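The values are calculated or read from the model by the stated rules, or taken from the named source; none is laboratory data. This structure is a prediction, so every number in the text was calculated from the model and none was measured. Backbone-built Cβ (ideal geometry, glycine too); neighbour counts: all protein chains shown.
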Amino acid sequence: MKYRTGTLYNQKHAVLFKLSASQTCPLCPQVDSALHILSGCQHTQIRNMITERHNIPCRMILKAIRKTGSLGSCIVSMDIGSNKRMTMQNLQIPKTSESRIVPKWLFPPRFPDKERFTSSRPDFVLVTPFAAKTQKQQTNVGGWVLRSGRGQLRETGRTSAAPPSTSTATNPRQHRPKDLNKTRRDIHLVEFKYCEDTRPQNQLNAAKEQHKDLCNVLQGASVSLHIIPLGVGDTIYNTHTLKPFKGNGSRFSKS
């Protein structure tokens, strides 16, 4: 509530009230502010708290995905905290989730391991069977269009949701993600971001830039980036969160 009303005390207030001559955070060498306190301080303990706050809703998303039954077995990697932390929320690592790093079989042959290990790590990577009749369609994800066949993104204006597909997709429980041919992989990258309550676009752009190279290199019939933003003051951005997941008619949206 103090953040929302602008009364969360920080060094900017201290300078304004003539209690300090510096706007630098007392715990790290950055400019202090209410947003810095909630989501930017680099002090080790505070940083760990901020990271865990990010991971907790990610684990809630994992619970929601696993409730669908079919999609739980489609998770091939996730970077949402330690096994101990997951156990505290009564969660088990899906058997198909290999590690925090995107698995090697999603990359081109002979792709250097060094580059794979240093590539971006989405919070989740899911691989589902691709419906043949929807291969030429474009997918709108949070204001970004991803062309089928390659993970290339281009900015687009706000568009209406694509109509639900009439094709019947293969039940993902019939195949392990790793067994799917690359021409039948529908790859979903899920990234959760905390944002300023009134300006989510900065973090949306940051997430897009963060995973741009990964989207371009992964091998599948389609690569989709799903960005889930949440304000540091608990704002939920319906336009960027609910519409992409409920409006595209994809099987992934049902989670």
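Observations
- Conditions (1) at pLDDT below 90; (2) of a type outside the set (Val, Ile, Thr); (3) touching a helix residue (DSSP H, G or I) at 6+ places or on another chain (Cβ under 6 Å); (4) buried (at least 21 other Cβ atoms within 10 Å of the Cβ): number failed by LEU218: (1)
- Sole residue being surrounded by 13 or more Cβ atoms within 10 Å (Cβ to Cβ) and at pLDDT below 85, chosen from HIS188, HIS175: HIS175
- Selection status of THR128, crowded, with 18+ Cβ neighbours inside 10 Å, modelled with pLDDT of 80 or more and touching a strand residue (DSSP E or B) at 6+ places or on another chain (Cβ under 6 Å): yes
- Unmet criterion (only one of (1) at pLDDT below 50; (2) surrounded by fewer than 15 Cβ atoms within 10 Å (Cβ to Cβ); (3) under 30 Å from GLY6 (Cα atoms)) for GLN201: (1)
- Among the conditions (1) under 22 Å from the mean Cα position of the chain (by Cα); (2) more than 20 Å from ASN202 (Cβ to Cβ); (3) not assigned by TED's automatic domain parsing to the domain that holds ASP197, the only one that MET60 does not satisfy is (3).
- Residue within segment 104-120 that is surrounded by 13 or more Cβ atoms within 10 Å (Cβ to Cβ) and either under 21 Å from ALA64 (Cα atoms) or not assigned by TED's automatic domain parsing to the domain that holds ARG176 (or both) present: no
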